[in-house]
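Student: The following block contains the structure, expressed as C-alpha cells.
The values are calculated or read from the model by the stated rules, or taken from the named source; none is laboratory data. Quick caveat, the model's predicted, so the values are computed rather than measured. As a convention, Cβ positions derive from the backbone with ideal geometry for all residues, glycine included, and neighbour counts pool all protein chains shown.
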Number of protein chains: 2
Amino acid sequence: MHAVIIAGGSGTRFWPKSRENLPKQLLSIVGQETMIQNTVDRISPIIPVKNTWVITNEQHAFETCSQLKNLGFSPSQLLTEPIPRNTSAAIGYSAKILSRNNPEAIMAIFPADHVITTTEPFLKLLKQAEAIANENHLVTIGIKPTSPEAGYGYIKQGKLITGNSFKVDRFIEKPDKLTAENFLKEGGYYWNSGIFVWKVSTLLNEISLYLPKLHEQLEGLSINTTPIKGKYPYQKLSKPGAEIFNSLESISIDHGVMEKSNKVAVLPANIEWNDVGTWTSLAAISKNDPHRNVISGNVVSIENSDSIIQAEDRLVAALGLKNIILVDTPDALLVCAKERAQDIKKIVEKIKSEKRPEVNTTISETRPWGNYTVLLKETNYLVKRIVVLPGESLSLQSHKHRSEHWTVVSGVAQVQIGEISQTLNANQFVEIPKGAKHRLANRNETALIIIEVQLGDKLEEDDIIRHEDKYGRDD
Amino acid sequence: MHAVIIAGGSGTRFWPKSRENLPKQLLSIVGQETMIQNTVDRISPIIPVKNTWVITNEQHAFETCSQLKNLGFSPSQLLTEPIPRNTSAAIGYSAKILSRNNPEAIMAIFPADHVITTTEPFLKLLKQAEAIANENHLVTIGIKPTSPEAGYGYIKQGKLITGNSFKVDRFIEKPDKLTAENFLKEGGYYWNSGIFVWKVSTLLNEISLYLPKLHEQLEGLSINTTPIKGKYPYQKLSKPGAEIFNSLESISIDHGVMEKSNKVAVLPANIEWNDVGTWTSLAAISKNDPHRNVISGNVVSIENSDSIIQAEDRLVAALGLKNIILVDTPDALLVCAKERAQDIKKIVEKIKSEKRPEVNTTISETRPWGNYTVLLKETNYLVKRIVVLPGESLSLQSHKHRSEHWTVVSGVAQVQIGEISQTLNANQFVEIPKGAKHRLANRNETALIIIEVQLGDKLEEDDIIRHEDKYGRDD
C-alpha cells in the first residue's frame with residue numbers, strides 16, 4: 001500500500017499561529033510533533049515511509065522536507081503544486097506519478113492535518129480498506145459520528161457490499177444542526193473524513209470517465225516533473241508542467257469523482273478523529289483544566305472558563321473570561337468569541353485586503369539553512385537574529401541597498417566577503433559593505449547564532465542577489 | 001496660590017500600561033499629553049508653574065522632571081518620597097516646605113492623575129476655594145454626582161458657611177450601589193475628589209492637633225531636604241530625612257485630618273471630573289465608536305461592542321467581543337471581562353508574587369539621557385536599542401560580566417573607551433571589552449541611536465559600575 005498525504009492547508013483557520021507561509025500541517029497544534037509528522041508517523045506501521053508521498057504547495061516544500069527528514073522521508077517523494085488547485089488535481093497528479101511504477105498499487109489518501117488518537121483501530125481499518133480497494137472499489141472512510149456536528153460533510157450508507165463496507169446512498173454537504181441531530185439519531189450516516197483508499201488504476205479510470213479533461217492533462221504533468229538540485233531534491237513541475245497545472249479545473253475529488261462514480265464504498269470507522277477545523281477543536285483534542293479551559297504558554301489565569309488561551313513567551317494575563325479564544329504570537333494577537341471561531345477567516349480576509357504582512361509570514365521564518373527572527377524594523381535599520389544549523393550555509397549573495405553588521409553570539413561563523421574567508425567566534429564582529437558578495441556558513445556541530453544589523457534605504461527580503469546556493473534557490 | 005501635585009501612583013490599576021516604574025500619572029491615557037502634564041497645564045492660568053510643586057516617589061523623579069521640563073517646571077520644586085507613606089505624609093511634608101518661605105500662602109492639592117475636561121468652571125471654582133481658604137477653612141472640592149457611582153467616597157454637606165461652601169456633615173467610604181442611588185436622588189452628597197485648598201498655616205495647625213507626632217517629625221524632614229547634583233536638581237531627603245520619612249504613620253489626610261477637623265468646608269463643583277480609576281473609565285472620558293468601543297492602536301476590529309481595546313504597534317485582531325478589556329504592550333497583555341476591572345490588582349499581585357518582571361518595568365525604559373528597549377534577552381546574549389538625546393551622555397561606566405558591541409544606526413556617537421575617544425557615524429561599529437571604562441555621548445542636535453549586543457555570563461542592569469555621572473546617579 002502507498003500513501004499520498006495531501007498537505008494543501010492555506011493557513012487561514014488557525015491564524016495567527018498559521019500563516020500562508022506556515023499552514024496548519026506544519027504546526028504542532030497538540031503535542032510536540034507537527035501535524036504532518038504525526039500523519040506520516042501514524043501510518044508507518046503499515047505503510048512504510050519509503051511508500052509515503054506528500055503533495056504540497058511549492059512554497060512549503062523545504063519546510064515539509066525538513067520536518068519529515070528524521071522520519072526517513074525522501075524528498076524525491078514530495079510533489080509540489082505551483083498553486084492550489086483543489087483535491088482532484090492533487091490526487092490525480094499523485095496517482096499519475098505512482099502509476100509510472102506500479103499502476104496496480106493500492107493508494108491511500110490522507111489529509112496532512114487531521115488528528116486521529118486511536119491509531120490501532122485506524123490501522124486495522126486501513127487494512128480492511130485495502131482489501132476492499134483491491135476489488136476495484138473507491139473506498140472512503142466514514143467516521144461514526146459521536147455528536148451532531150454541523151461543520152462536517154456526511155455520507156449516507158446504502159446497501160452492504162463486502163466486508164463491513166456499504167454502497168454510498170448519497171453525500172451530504174454541511175447540514176444544519178437539526179438535520180445533524182436527526183442523522184445521529186437515525187444512524188447510517190458518517191462524517192466524510194477525506195481519507196480514501198483505492199487502486200491507482202481504478203481511480204485513474206474513474207477520472208477518465210468523470211473528469212476526462214483532467215485525465216488528459218495528467219500525462220503532461222507526469223512528463224514535466226523533475227527533482228530540483230540542492231539539499232532537498234523534491235519533485236518540481238518544470239515550466240510547461242506548471243502551466244498545465246495552473247490550467248487545471250479546481251474541483252474537489254468528492255464533487256469530481258466520488259459523487260458520480262458507482263464504484264464508491266464507504267467503510268464505517270469507529271475511531272477518534274478530528275479535522276481540527278477551528279481553534280475550538282482544541283477543547284476536544286487537548287487536556288482541559290477543571291474549568292474547561294485549554295491554556296498553554298506564559299499565562300496568568302484568574303477565574304476563566306470554557307476558553308482557549310494559547311500564549312507563547314510573552315505574558316498573557318487573563319481574568320474572568322468565558323468562551324473566549326485568545327491566540328498570541330510575537331507579531332499578531334487574535335481575541336475572539338468562541339462562537340465566532342468560524343469567522344476567523346473574515347479577519348484573515350480583512351488583514352489580507354489591507355495588505356498587512358501578518359497573513360503571510362511570522363517574524364520568525366525558517367529557511368533551508370536554519371531560521372531568522374526580525375527583532376526590530378525601522379525605516380533605515382533592521383535588527384535580526386540569524387540561526388545557521390550545523391553544516392549549513394546561506395547562499396553566496398549580495399545586496400544593492402544595504403550594508404550588514406554581524407556580531408557572533410554563539411557558535412563559530414565562516415564568513416566569506418569577496419575572495420576573503422575568515423572564522424569568527426562568539427564576541428567577534430564583521431561588517432558586510434553594501435554590494436559585497438558574501439556568504440555565511442556553519443561548519444561546526446553546534447548552531448551558529450549571529451545578530452545582524454542592516455542599514456540601508458530599502459530593507460526588504462527581496463533585495464538579495466543569489467550568486468550560488470546549495471539549496472537550488474535562484475530567486 | 002501655590003499648587004502641590006500629589007504624584008504617588010503605584011501603577012497597579014492601569015497595568016500592563018502602567019508599571020511600578022511608570023505609574024498612571026506618567027502615561028498618556030487620553031490624548032497626547034501625560035496625566036501629570038495635563039494636571040500642571042490645566043491650573044497654570046491661575047497658578048503659575050513657578051508656584052507649582054510636585055511630590056512623587058524617588059524612582060519617578062527623573063521622568064517627572066523630564067515630562068514637566070517643557071512646561072517650565074523647576075526641578076527644585078519637586079519633592080521626593082523614599083517610600084510611599086500615604087497623603088498625610090506627602091501633604092504635611094509639602095506644607096512644611098512651603099511654610100519656610102510663606103506660611104500664610106494658600107496651597108491647593110491636586111492628584112496628578114485625574115481628568116477634568118471643563119477647565120474654565122474648574123478654575124473659577126479654585127478662585128472661590130482660595131477665598132474660603134483665606135478665612136482659615138480647609139476646603140475640599142466635592143464633585144456633584146452625575147451617576148450612582150459605588151466606586152467613589154462621598155461627602156455629605158452640612159449647613160451653609162460662606163460663598164457656596166458648606167460645613168461637612170460626614171465623610172462616607174465607598175457606598176453600595178443602592179446607597180449611591182439614594183445619595184443621587186436625595187442630593188447634597190458629593191464625590192470626594194481629593195482636591196483640597198487651604199492656608200499652609202491652617203493645615204499645619206490642624207495637623208498639630210490631630211496628627212501631633214507627624215507635626216513634630218515634619219521639622220526633621222524640612223531640614224534634611226537638599227537638591228541633588230546633576231541635570232535635574234530635584235529635592236531629595238538626605239539619609240536622616242529619609243529615615244524619618246520611612247517612620248511616618250501611613251494615613252490618608254481624609255482619615256488623619258479632614259474627618260476630625262471642625263474647619264472643613266465642602267465646595268460643590270459642577271464639573272466633569274473622573275479619577276480614571278480603572279480601564280473602564282476610558283469609556284467615560286474617550287470618544288467611543290458607534291458600538292460603544294474605545295479602540296486605539298493597530299487593531300482590526302470586527303463586530304465588537306462595549307469593549308476597550310488598547311493596542312500599540314503589534315496587530316490585534318478582535319472578533320465578536322462584548323464587554324471585554326484588552327490592553328496590549330510589547331511584553332504583557334491583559335484581557336479581562338469588563339465587570340472584573342476592579343480585580344486587575346489581583347492579576348498584578350499574582351504576577352508580583354511570582355516575581356515576574358512585568359510588574360516593575362516595560363521592555364522600554366526611560367533614563368535621564370534618553371531610553372533603551374530590550375529587543376531580545378537570552379541566557380548569554382542580549383540585544384538593545386539605545387537612544388541618546390541631543391546633548392546627553394550615559395555615565396562613565398564599566399561592566400564586570402559583559403562585553404558590548406555597538407552599531408550606530410542613526411546620529412553621531414562620541415565613544416570613550418579607557419583614555420581614547422572616537423566619533424562614530426551611522427554604519428560604524430565599536431566593541432567595548434569586558435571591564436573597560438567607557439562612555440557614550442551625543443554632542444549633536446539629532447537623536448543618537450545604537451544597537452547594542454551584550455555578551456556575558458550575567459546580563460543584568462545592576463552589572464554597572466558608575467565612575468562619573470552627570471545626573472548624580474551613584475548606584
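Residue-by-condition table, conditions (1) free of Cβ contacts under 8 Å to residues at least 40 places away in the same chain; (2) surrounded by 18 or more Cβ atoms within 10 Å (Cβ to Cβ); (3) more than 14 Å from chain A (Cβ to nearest Cβ):
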residue: B:289; (1), (2), (3): yes, no, yes
residue: B:294; (1), (2), (3): yes, yes, yes
residue: B:314; (1), (2), (3): yes, yes, no
residue: B:317; (1), (2), (3): yes, yes, no
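Student: What number of residues in the stretch B:397-422 are at positive phi and in a strand (DSSP E or B)?
Tutor: 0
Student: Another question about this same structure. If you check A:154, A:190, which single one turns out to be assigned by TED's automatic domain parsing to the domain that holds residue A:252, in contact with a Gly (Cβ under 6 Å, 6 or more places away or on another chain) and hydroxyl-bearing (Ser, Thr, Tyr)? Steps first, please.
Tutor: On the way: A:154 fails: in contact with a Gly (Cβ under 6 Å, 6 or more places away or on another chain).
Just a single option satisfies the conditions, and that option is A:190.
Student: Does residue B:182 qualify as being of a type outside the set (Asp, Glu), more than 27 Å from the chain's Cα centre (by Cα) and over 23 Å from residue B:84 (Cα atoms)?
Tutor: yes
Student: If a residue must be away from chain B (no Cβ under 14 Å), among the acidic types (Asp, Glu) and assigned to a loop (DSSP other than H, G, I, E, B), how many such residues does the stretch A:429-470 contain?
Tutor: The total comes to 6.
Student: Here is a check on your reading of the model: is residue B:282 surrounded by 17 or more Cβ atoms within 10 Å (Cβ to Cβ), in a strand (DSSP E or B) and on the phi < 0 side of the Ramachandran plot?
Tutor: Considered against the rule, which asks whether it is surrounded by 17 or more Cβ atoms within 10 Å (Cβ to Cβ), in a strand (DSSP E or B) and on the phi < 0 side of the Ramachandran plot, residue B:282 comes out as no.
Student: Taking the stretch A:75-97, which residues are out of contact with any His (no Cβ under 9 Å at 6 or more places or on another chain), surrounded by 20 or more Cβ atoms within 10 Å (Cβ to Cβ) and more than 24 Å from residue A:208 (Cβ to Cβ)?
Tutor: Within the stretch A:75-97, A:75, A:77, A:78 meet the criteria.
Student: Can you tell me which residue within the stretch A:146-179, out of those that are among the charged types (D, E, K, R) and under 27 Å from the mean Cα position of the chain (by Cα), is surrounded by the fewest Cβ atoms within 10 Å (Cβ to Cβ)? Spell out the reasoning first.
Tutor: Step one: of the stretch A:146-179, the residues among the charged types (D, E, K, R) are A:149, A:156, A:159, A:167, A:169-170, A:173-174, A:176-177.
From what is left, the residues that are under 27 Å from the mean Cα position of the chain (by Cα) are A:149, A:173-174.
Values: A:149: 19, A:173: 10, A:174: 13.
Here the residue is A:173.
Student: A further question on this structure: Inside the stretch A:355-386, can you point out the residues that are facing chain B (nearest Cβ under 9 Å), surrounded by fewer than 19 Cβ atoms within 10 Å (Cβ to Cβ) and touching a Lys or Arg at 6+ places or on another chain (Cβ under 8 Å)?
Tutor: If the condition is that a residue be facing chain B (nearest Cβ under 9 Å), surrounded by fewer than 19 Cβ atoms within 10 Å (Cβ to Cβ) and touching a Lys or Arg at 6+ places or on another chain (Cβ under 8 Å), then A:373, A:376 are the ones that fit.
Student: For residue B:135, indicate whether it is among the acidic types (Asp, Glu), assigned by TED's automatic domain parsing to the domain that holds residue B:62 and part of a loop (DSSP other than H, G, I, E, B).
Tutor: Judged against the criteria, residue B:135 is a match.
Student: Go through the stretch A:390-408 and give me each residue that's among the hydrophobic types (A, V, I, L, M, F, W, C), buried (at least 22 other Cβ atoms within 10 Å of the Cβ) and away from every other protein chain (no Cβ under 13 Å). Show your work before the answer.
Tutor: Taking the stretch A:390-408 and keeping what is among the hydrophobic types (A, V, I, L, M, F, W, C), we get A:394, A:396, A:406, A:408.
Going one step further and asking which of them are buried (at least 22 other Cβ atoms within 10 Å of the Cβ), we end up with A:394, A:406, A:408.
Result: A:394, single match.
Student: Output the residues belonging to the stretch A:319-338 that are of a type outside the set (A, V, I, L, M, F, W, C), more than 7 Å from chain B (Cβ to nearest Cβ) and either surrounded by fewer than 21 Cβ atoms within 10 Å (Cβ to Cβ) or in a strand (DSSP E or B) (or both).
Tutor: If we filter the stretch A:319-338 for residues that are of a type outside the set (A, V, I, L, M, F, W, C), which is where we start, we get A:320, A:322-323, A:328-331, A:338.
Then keep just the ones that are more than 7 Å from chain B (Cβ to nearest Cβ); that gives A:322-323, A:329-330, A:338.
Once the filter is applied, which keeps residues that are of a type outside the set (A, V, I, L, M, F, W, C), more than 7 Å from chain B (Cβ to nearest Cβ) and either surrounded by fewer than 21 Cβ atoms within 10 Å (Cβ to Cβ) or in a strand (DSSP E or B) (or both), the stretch A:319-338 yields A:322, A:323, A:330, A:338.
Student: Please work out which one of (1) on the phi < 0 side of the Ramachandran plot; (2) surrounded by 15 or more Cβ atoms within 10 Å (Cβ to Cβ); (3) within 13 Å of chain A (Cβ to nearest Cβ) is the condition residue B:425 fails and give its number.
Tutor: (2)
Student: Okay, moving on. Filter the stretch B:1-53 down to the residues that are hydrophobic (A, V, I, L, M, F, W, C) and within 11 Å of the chain's Cα centre (by Cα), then identify the one that is surrounded by the fewest Cβ atoms within 10 Å (Cβ to Cβ).
Tutor: Per the stated criteria, the residue is B:27.
Student: Something else about it: Only one of these is surrounded by 15 or more Cβ atoms within 10 Å (Cβ to Cβ) and farther than 22 Å from residue B:83 by Cβ: B:234, B:210. Name it.
Tutor: The unique qualifying residue is B:210.
Student: Can you tell me how many residues in the stretch B:386-407 are of a type in the set (Val, Ile, Thr) and over 33 Å from the mean Cα position of the chain (by Cα)?
Tutor: Residues meeting the conditions: 1.
Student: Now for a separate question. Hey, any hits in the stretch A:341-351 for a residue that's in a strand (DSSP E or B) and not assigned by TED's automatic domain parsing to the domain that holds residue A:454? Before the answer, list the steps.
Tutor: To start, the set of residues in the stretch A:341-351 that are in a strand (DSSP E or B) comprises none.
No, the stretch A:341-351 contains no residue that is in a strand (DSSP E or B) and not assigned by TED's automatic domain parsing to the domain that holds residue A:454.
Student: Here are some residues: A:395, A:421, A:410, A:403. Which one is in the same structural domain as residue A:448 (by TED's automatic domain parsing) and at pLDDT below 95?
Tutor: A:395
Student: Go over the candidates A:324, A:363 one by one and state the one that is of a type in the set (A, V, I, L, M) and under 30 Å from residue A:473 (Cα atoms).
Tutor: A:363
Student: Ok, one more. I'd like to know if the stretch A:260-268 contains one or more residues that are more than 30 Å from residue A:163 (Cβ to Cβ) and either over 24 Å from the mean Cα position of the chain (by Cα) or surrounded by fewer than 21 Cβ atoms within 10 Å (Cβ to Cβ) (or both).
Tutor: Scanning the stretch A:260-268 turns up no residue that is more than 30 Å from residue A:163 (Cβ to Cβ) and either over 24 Å from the mean Cα position of the chain (by Cα) or surrounded by fewer than 21 Cβ atoms within 10 Å (Cβ to Cβ) (or both).
Student: Moving on to the next point. Where in the stretch A:17-117 are there helices (runs of 4 or more DSSP H), lying fully within it, with 3 or more residues that are within 20 Å of residue A:133 (Cβ to Cβ) and at pLDDT 95 or above?
Tutor: Fully inside the stretch A:17-117 and qualifying: A:35-43, A:86-101.
Student: Determine, yes or no, whether residue B:260 is of a type in the set (Lys, Arg) and closer than 21 Å to residue B:113 by Cα. Give the derivation first.
Tutor: On the way: of a type in the set (Lys, Arg): yes; closer than 21 Å to residue B:113 by Cα: no.
Answer is no for this residue.
Student: If I ask for residues that are more than 20 Å from the chain's Cα centre (by Cα) and among the charged types (D, E, K, R), which ones from the stretch B:232-259 would you list?
Tutor: Scanning the stretch B:232-259 gives B:239, B:243, B:249, B:254, B:259.
Student: Which one of B:167, B:185, B:144 is closer than 15 Å to residue B:275 by Cα and not hydrophobic (A, V, I, L, M, F, W, C)? Full working, then the answer.
Tutor: Working: B:167 fails: closer than 15 Å to residue B:275 by Cα; B:185 fails: closer than 15 Å to residue B:275 by Cα.
Sole residue among the options that is closer than 15 Å to residue B:275 by Cα and not hydrophobic (A, V, I, L, M, F, W, C): B:144.
Student: For the stretch A:110-123, how many residues are over 21 Å from residue A:278 (Cα atoms) and either free of Cβ contacts under 8 Å to residues at least 12 places away in the same chain or touching a helix residue (DSSP H, G or I) at 6+ places or on another chain (Cβ under 6 Å) (or both)?
Tutor: Matching residues across the stretch A:110-123 total 2.
Student: Which is of a type outside the set (Val, Ile, Thr) and at positive phi, of A:355, A:345?
Tutor: A:355
Conditions (1) in the same structural domain as residue A:235 (by TED's automatic domain parsing); (2) within 18 Å of residue A:472 (Cβ to Cβ); (3) in contact with a Phe, Trp or Tyr (Cβ under 8 Å, 6 or more places away or on another chain), marked per residue:
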site	(1), (2), (3)
A:46	yes, no, no
A:52	yes, no, yes
A:55	yes, no, yes
A:63	yes, yes, no
A:74	yes, yes, no
A:90	yes, no, no
A:96	yes, no, no
